Amino acid sequence: MYQYQVSFSDAVRRALTVNYCNFQGRASRSEFWWFFLFSNIVGCIISPLYLYSGSSAFLNLIFGIIYYAISLYFLLPSLGLLIRRLHDTGRSAWNLLWWLLPVIGWIVLIVYLVQDSTPSANEYGPVPNVTE
């Protein structure tokens with residue numbers, strides 16, 4: 001059994017179409033981190049437009065609507081991927097509560113997210129992206 005790495009475009013396509021509101025199953029490490037990178041790139045492009053739109057109230061309103069619409073659009077796939085990534089490491093979605101503890105909780109959650117996948121099927125489903 002070989003677990004292949006998901007490409008950047010496949011990870012984005014899966015997160016925004018196939019698994020948009022999917023909180024069941026497992027997501028591989030590459031799938032999670034590629035989408036994380038994509039959402040941060042989009043944020044780095046949109047945020048300056050919103051923050052530095054000048055004194056024009058109209059531009060500020062337009063870029064504000066775009067910024068918040070994109071943020072809301074990315075919320076469910078990001079949360080779904082985060083939960084499925086925790087499932088992939090054999091952990092419950094309740095581990096998201098670590099996020100409520102400043103610094104220490106964030107470090108714990110990041111350590112969970114960078115760990116390898118559970119090598120066999122677990123209670124959340126089969127190993128993702130496996131070829132034989």
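Listed values, structure above:
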{"read-out": "Residue-normalised accessible area of the chain, expressed per residue, 1.4 Å probe, Å²", "value": "61 Å²"}
{"read-out": "Residue among Pro102, Pro119, Pro77 with the largest mean-square fluctuation in a Gaussian network model of the chain, springs linking Cα atoms under 10 Å", "value": "Pro102"}
{"read-out": "With every protein chain in place, the chain: carbon and sulfur % of accessible area (1.4 Å)", "value": "71 percent"}
{"read-out": "For the chain, size of Cβ-based charge dipole, Lys and Arg +1, Asp and Glu -1, in debye", "value": "160 debye"}
{"read-out": "Rg(Cα) / (2.2 N^0.38 Å) computed for the range 43-127, rounded to two decimals", "value": "1.51"}
{"read-out": "Positive-end residue, the chain charge dipole about Cα centroid, Cβ charges, pick of Leu100, Ser53, Phe32", "value": "Ser53"}
{"read-out": "Cβ-defined net charge surrounding His87, 11 Å radius [Lys, Arg +1; Asp, Glu -1]", "value": "+2"}
{"read-out": "Computed helical MRE - 222 nm, the chain, DSSP H runs ≥ 4 contributing -39500 (n - 2.57), nearest 500", "value": "-18500 deg cm²/dmol"}
{"read-out": "Where chymotrypsin sites (Phe, Trp or Tyr not before Pro) in DSSP loops with at most 15 other Cβ within 10 Å are excluded, longest remaining stretch of the chain", "value": "53-132"}
{"read-out": "Equivalent ellipsoid semi-axes, the range 1-97, via Cα gyration tensor eigenvalues times 5, rooted, Å", "value": "31, 14, 10"}
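The values are calculated or read from the model by the stated rules, or taken from the named source; none is laboratory data. Please read all numbers here as calculations on a predicted model, not as lab measurements. Every residue, glycine as well, gets a Cβ built from its backbone with ideal geometry; the counts of neighbours run over all protein chains shown. For the accessible areas, the whole protein counts, side chains as well, though only heavy atoms, and no ligand, DNA or RNA atoms are used. Shrake-Rupley method; radii C 1.70, N 1.55, O 1.52, S 1.80 Å.
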